[in-house]
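The structure under discussion appears below in the form of C-alpha cells.
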Amino acid sequence: MIFLTVSFNNLTGPVPATLGKSMPFLRMLRMASNALSGGLDFIASLTNCRYLNIIQVLDNQFEGVLPDAIGNLSVNLQYFHVSQNHIKGSIPAGLGNLSSLISLALSVNELSGTIPRTLWRLTKLQKMYLGINRLTGSIPSDIGLMTNLATITFLENKFSGQIPDSVGNISMLQILDLSVNKFSSSIPLSLCSLQGLVHLNLSQNILEGLLPPQMAKLKAIDAISLQSNRLSGNISSALGELQSITYLDLSNNSFHGQIPQQLDRLFNVEYLNLSHNFLSGVIPKSFSSLSYINSLDLSFYMLEGEIPEGKVFSNVSITSLVGNRALCGAPQFQFPPCPANATSSNSSVKLRLLKYVLPSVASVLVFLACFALFVKKIMRKKDKASSEEESPCLNYHRRIPYFELARATDNFNETNLLGRGSIGKVYKGSLDDRLLVAVKVLNLEVEGASRSFDAECRTLGQVRHRNLVKIISTCSNLEFMALVLEFMPNQSLDKWLYSENQCLALLQRINIMLDVSLGLDYLHHQHPHVIVHCDLKPSNILLDENMVAKISDFGIAKLMLVDNNSTTPTNNIGTVGYMAPEYGSTGGVTVRGDVYSFGILLLELVTGKKPVDTMFSGELNLRQWVCNAYPTAMMEIVDSNILRTEFTNLQQHSNGVNILHRCLSSIIEVGLHCLKDLPNERLLMRDVVPKLQEIKKGVLVN
C-alpha cells in the first residue's frame, strides 16, 4: 500500500501499534478528523516506511506523548500534522532529524517544556504551528536560520523573554502570531524589514516601549494586532502609509497624544481599534472618509469636541465612542449637543445624562463585550488549529475597489483587452501605485461564473509557487466580480506557438515544459491537499518577462482532500483535445487527467500542431499521428520552427542531428507515457520532472 487515507470517516478506537510494519512502501498517511483514540505507539511502526512523505492525524482524540522514535521516521517526511489532540509531554528532540520537513503542526494539544534546539536545524521548514499548548522558555536567535519559514504561530503558550532580532532574517515570513504569551521588552525593529509580512499578531504580551514608525515599511501587511501590551508614546503618523492594511488593533495600551490625522489614508481598513489608551484631542474629521470601515472603536479615551459627520459616525453599529465624556454632537451616540447647537437647559439635561447614565451603560457594554469574547474563545478553540494550518480562504492582499480597477483599465476599454474566455474577459491594467496587473472580469450572466470565481479564489489563495500565476487581489460585490492577477508581459504560450512573428527555440520549449511540470508537481504532490487543474492547455500557460512559464486559470480546479488515485465528480471539465478520455465516461477528475493534458502539451510543443487541427479526423488524433511517426519518421513531424532556430547549432556541431534527434525522441517518449489509455499506467508528475531535467541537462552539455 502506498496511500492510506481515511480522513473524515468518524472512525473510533485505537490505531494498531503495528500499522507501518506491513506497509514498507507507504508514502501518505491521512487519518484526520475522526474520533481515533489511544496512544501514538503506531508512529514507532512507521519508521519501517522509508518513503513516507505525509503524516496527518490531526483532529482526533489521541493521548499520551510523542514517541522518541519520531526521530527515526523517513528522511523524506515533509508534513507532520498532529494538531488538535490531547498529546502531553515535551516535543521530542528527534524531530530535528527530519531534515526534509516543510510543515510541522503540533497546535491545540497539551505539550509542555521548551522547544528543543534541534528544531532550529529544520532549514527547509515553511510552516510551524505550535499554538495553544503549554510551552515555555524563550525563542533563541537560532530561529533566524530558518529562512524559508512563511508561517510561525506560537499563540497561547507561556513563552517569555524578548522576541529575537533574528526574526528579521526570515525573509519569506508572511504570518507571525506570538499572541497571548509573556514576551517582554520592545518590538524588534528588524520585523519592519519583512517586506512580505501580511499578518502580525503580538497581542496580549508584556511588550513595552514605542511603536516603531518603521512599521510603515510593511507594504504587504494586511493585519496588525498589538492590543493588550504596555506600549506607550505617540501613535506614529507614518502608520498612515500602510495602505494595504485592513485590520489594525492598538487597543489597551498606554499611547498618548492625539490621533494622527494621517490614519485617514488607511483607505482599505475595515477594522480600526484604538480604544482604552490615553489619547486626547479631537476626532479627525477626515475619518468620515474611511469608506470600507465596518468597526471603528475610539472608546475610553480623553477625546473632546464635536463628533464628525458622515457615514462612519452616523451608524452606531459601526462606531464605538463610549467613555469620552467631553465629546458632543451625534445624538445617536447619546452625547450632548455641541454648545452652538443647543440651549443651555438642553445641555444641562444632556450633561446630567452623561454624568450618571453613561457610566452605567458603559459598564454593561463592557461586561457584555467581555462575556462575548469569553464565549468566542471557547467556541474557536476547537477549530483554530485546522483553520490556521491550511485555511483556503485567507486573503492577505490589498483590497482594490471597483473605481481603481476601472481607472486602471481605462473603464475596461477594449484596447486593454488581453483575452476572453467562456466566462469573462481579461484586461491589462495599471493600478494607482503603477503596478501592472491582469484584471479578470467575470460575466455574471454566464452560468457557473460565481462558482468559477470562488474556485479560483480558493485555489490561488492557498498556493504559492514560482510556476503558478499569483493572485494580487479580488474585487467583488453583487454586480461585479474580478480577480487581479500578476501581469505576464509575454502573454500565453498559445500565442507564441502559433504566431507568425514569434518563435520559440528548442531550449525555451524545454524550459517551458519543465516549468509547467514543476507547477503541476507542486499541485499534485507537494501541497498538503491535492489540487487538480482540470483545464491545462497552452492558453492557460502564461510567460513572464524572463519567459518563465506559469500555470493560470484555476476556474474549474478541484481541491481534493483525498489521495492521488481518488476521483472527484464534476460537470465541467477541460477543453476538447486536452481532456483525458476517461472524463467523458466517468465524469470524475484525478491528477492523472492533468498528466494526460500535459502529455498533449509536450507533443504540441514538439510538433507545433494543435490537437484539434483540421488534419485530425476520425480515428486519427495528435497522439496517434505521433505514434505512427515515432521513432523512424519522427523528424518529419517536428515543428519546422525548431529546425529553423537550431539550424546554426546543427551546422556547428558534427553530431548535431543525432543530438537533436535524441532530445526530441526523449521528449516524445515522456509525452506518450503521459498519454496511456489507462490512467494508472500514466506517469505521475513527480516522475516527469526528473526526466525533463535530464533532457535539459543533455541539451546544455552538448
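Note on SER186/VAL701: beta-carbon distance plugged into 1/(1 + (r/R0)^6) with R0 of 41 Å gives a FRET efficiency of 0.15. Under 5 Å from the amide H of THR5 lie the amide H atoms of ARG30, each residue being 5 or more positions distant or on a separate chain, with H modelled from the backbone and absent for Pro and chain starts.
Anything over 28 Å Cα to Cα? Flag those among LYS495/LYS696; LYS425/LYS696; LYS219/LYS440, in the order listed. From LYS495/LYS696; LYS425/LYS696; LYS219/LYS440, over 28 Å: LYS425/LYS696.
Give me D for region 1-124 in µm² s⁻¹, whole number, from Stokes-Einstein with Rh from the Kirkwood sum over alpha-carbon pairs, 37 °C and 0.692 mPa s.
Values: Rh = 14.3 Å.
Rounded to a whole number, D works out at 230 µm²/s.
Among 23-30, 1-8, the peptide with the highest mean count of other Cβ atoms within 10 Å heads the list, and the full ranking is 23-30, 1-8. Over all other residues within a Cβ to Cβ distance under 12 Å of GLU414, the charged ones net out to +2, with Lys and Arg as +1 and Asp and Glu as -1. Over region 105-159, Cα pairs under 8 Å with separation of 6+ residues give a relative contact order of 42 percent.
Taking other C-beta atoms within 10 Å as the exposure proxy, THR415, THR409, THR590 rank THR415, THR409, THR590 from fewest upward.
Extension gain for SER37-SER232 works out to 65.4 nm (0.36 nm per residue, less the C-alpha to C-alpha distance). Taking all C-alpha pairs of region 134-281, those more than 18 Å from each other amount to 54 percent.
Each Lys or Arg adds one and each Asp or Glu takes one away; over the other residues whose Cβ falls under 15 Å from the Cβ of GLN214, this sums to 0.
Among 492-499, 141-148, the peptide with the highest mean count of other Cβ atoms within 10 Å heads the list, and the full ranking is 492-499, 141-148. Once the C-beta distance of GLN624 and PHE25 is scaled by a Förster radius of 45 Å, the resulting FRET efficiency is 0.80 to the nearest 0.05. Multiplying the residue separation of ASP165 and ALA505 by 0.36 nm and removing their Cα-Cα distance gives an extension gain of 117.6 nm.
Values quoted throughout were computed directly from the atomic coordinates according to the rules given, and no laboratory measurement underlies them. Model, not experiment: these values are computed from the prediction. Cβ coordinates were reconstructed from backbone atoms using ideal geometry, including for glycine residues, and neighbour counts include every protein chain displayed.
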